[in-house]
Structure formats: structure tokens, C-alpha cells
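The values are calculated or read from the model by the stated rules, or taken from the named source; none is laboratory data. As the structure is a computational prediction, the values presented were derived from the model and not from experiment. Cβ coordinates were reconstructed from backbone atoms using ideal geometry, including for glycine residues, and neighbour counts include every protein chain displayed. Surface areas here come from the heavy atoms of the whole protein model, side chains and all, with no ligands, DNA or RNA. Shrake-Rupley method; radii C 1.70, N 1.55, O 1.52, S 1.80 Å.
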Amino acid sequence: MHRYVAQANVDHYIALLNGADLVPDRRSAITKMLISEEDGLGRDLEQLEFFENRAAAGRKRVEHVASLRDGFAFGTRERRQAEELLVNIENLQTLLEDSCQRLRRKVHSRGL
């Protein structure tokens, strides 16, 4: 049950961090909660797969938001907002990729 709740929390934090309307302090607090939740999950292949799936979805999200941003003219408010959102999405993606790397090291250090 704990694993299910932790994974649901991770998904919830990712959804919040994908938003464009978070103030920096709130974004930082949610990022810390995401990292804490990840640290509390097991170090097995199932958890690695869970984070790899989230990272793969994140890569698609980065591509999608970059494509949307490119549809706006330079210098417009919409372009600026899309660029800010893209930076947030890219930062989240870096966090997810880092989580995958940490989990890979921990899983492989345990031995399969």
C-alpha cells in the first residue's frame, strides 16, 4: 500500500510541477517533496521502471511544449510564457532523469 501511495504522490507532484503558474517558493517546496518521495521508494527494478516511464513521458512533454513555443512569434507575450513553461518542464525533466540515474546505480549496486 505504501508503494502505491508514494507513486501516486510522485505523479501528483509531477503534475503540479508541470504547471506554469507556480511561484518559485512553491515550486521549490514541491520539488523537495518529490525528491523526498523518490528517496522513500524501494530500490528495485519495479521502482526504476516507474521512474523510467515518468522520464520517457517527460521527454515527450518537453518536445510538445517546445513545439508549442515555436508556434508563437518572437517577442510576443505568448512566446515568453511558453518559454517560461518550457524552462520549468526542462527542469522537471532533469530531476526525473537524475532520479533514474540514482535508482539505476542503487539497483545495480545491489546486484540483480
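For the reader, a short list of remarks on this structure follows.
Quick grid of which residues meet (1) within 18 Å of the chain's Cα centre (by Cα); (2) of a type outside the set (A, V, I, L, M, F, W, C):
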site	(1), (2)
Arg27	yes, yes
Met33	yes, no
Leu45	no, no
Ala82	yes, no
Ser99	yes, yes
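- Answer residue from the range 23-56, given it is outside any helix (DSSP H, G or I) and hydrophobic (A, V, I, L, M, F, W, C) and is surrounded by the most Cβ atoms within 10 Å (Cβ to Cβ) among those: Leu41
- Considering (1) within 22 Å of Leu85 (Cα to Cα); (2) of a type outside the set (S, T, N, Q); (3) assigned to a helix (DSSP H, G or I), the lone condition that Tyr4 does not fulfil carries the number (1).
- Looking across the range 84-112, the residues that are out of contact with any Lys or Arg (no Cβ under 9 Å at 6 or more places or on another chain), open to solvent by 70 Å² or more (accessible area, probe 1.4 Å) and not charged (D, E, K, R) come down to Val87, Thr94, Gln101, His108, Leu112.
- Residue count, the range 37-80 (criterion: touching a helix residue (DSSP H, G or I) at 6+ places or on another chain (Cβ under 8 Å) and β-branched (Val, Ile, Thr)): 2
- Whichever residue in the range 1-18 is without any contact (Cβ under 8 Å) to a residue 40 or more places away in the chain and under 14 Å from the mean Cα position of the chain (by Cα) and, among such residues, is most open to solvent (accessible area, probe 1.4 Å): His12
- Members of the range 57-74 that are open to solvent by 50 Å² or more (accessible area, probe 1.4 Å) and in contact (Cβ under 8 Å) with a residue 24 or more places away in the chain: Arg59, Arg61
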